[in-house]
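> Take a look at this one; I'll ask things after.
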Amino acid sequence: MARETIRDFSGKIIAFIEDDPNRKSVRSFDGRLLGWYDKKNGNTYEFSGRMVAKGDATGMLIGR
């Protein structure tokens, strides 16, 4: 699994993106799951399981 660190302009960690073959997950700086992109069906879901977008919209989950 690949893990990417997302930082703001001052260098503070704001999120992590974890990418594996089936799913792309977004976690907050403290490790809470913000949501994920299901690569099989092509939809993005928030932490509660509610679909929020068709396609990969994991970037929008970071500011929520």
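> Mind listing just one residue for me: the one in the stretch 47-64 that is over 16 Å from residue 8 (Cβ atoms) and touching a residue at least 24 places away in the same chain (Cβ under 8 Å) and, of those, most open to solvent (accessible area, probe 1.4 Å)?
56
> How many residues, within the stretch 5-44, are under 10 Å from the mean Cα position of the chain (by Cα) and either among the aliphatic types (A, V, I, L, M) or more than 14 Å from residue 61 (Cα to Cα) (or both)?
Of the residues in the stretch 5-44, 7 are under 10 Å from the mean Cα position of the chain (by Cα) and either among the aliphatic types (A, V, I, L, M) or more than 14 Å from residue 61 (Cα to Cα) (or both).
> Continuing with this model, one more query. So which of 5, 44 is in a strand (DSSP E or B), surrounded by fewer than 12 Cβ atoms within 10 Å (Cβ to Cβ), polar (S, T, N, Q) and without any contact (Cβ under 8 Å) to a residue 60 or more places away in the chain?
5
> Collect the residues in the stretch 8-37 that are acidic (Asp, Glu) and either part of a loop (DSSP other than H, G, I, E, B) or open to solvent by less than 40 Å² (accessible area, probe 1.4 Å) (or both), keeping them in residue-number order.
The answer is 8, 18, 20, 30.
The values are calculated or read from the model by the stated rules, or taken from the named source; none is laboratory data. Predicted, not measured: the structure shown is a model, and the values here were computed from it. Because the Cβ atoms are built from the backbone with ideal geometry, glycine has one as well, and the counts that use them run over all protein chains shown. Note: areas computed on protein heavy atoms with side chains; ligands, DNA, RNA excluded. Shrake-Rupley method; radii C 1.70, N 1.55, O 1.52, S 1.80 Å.
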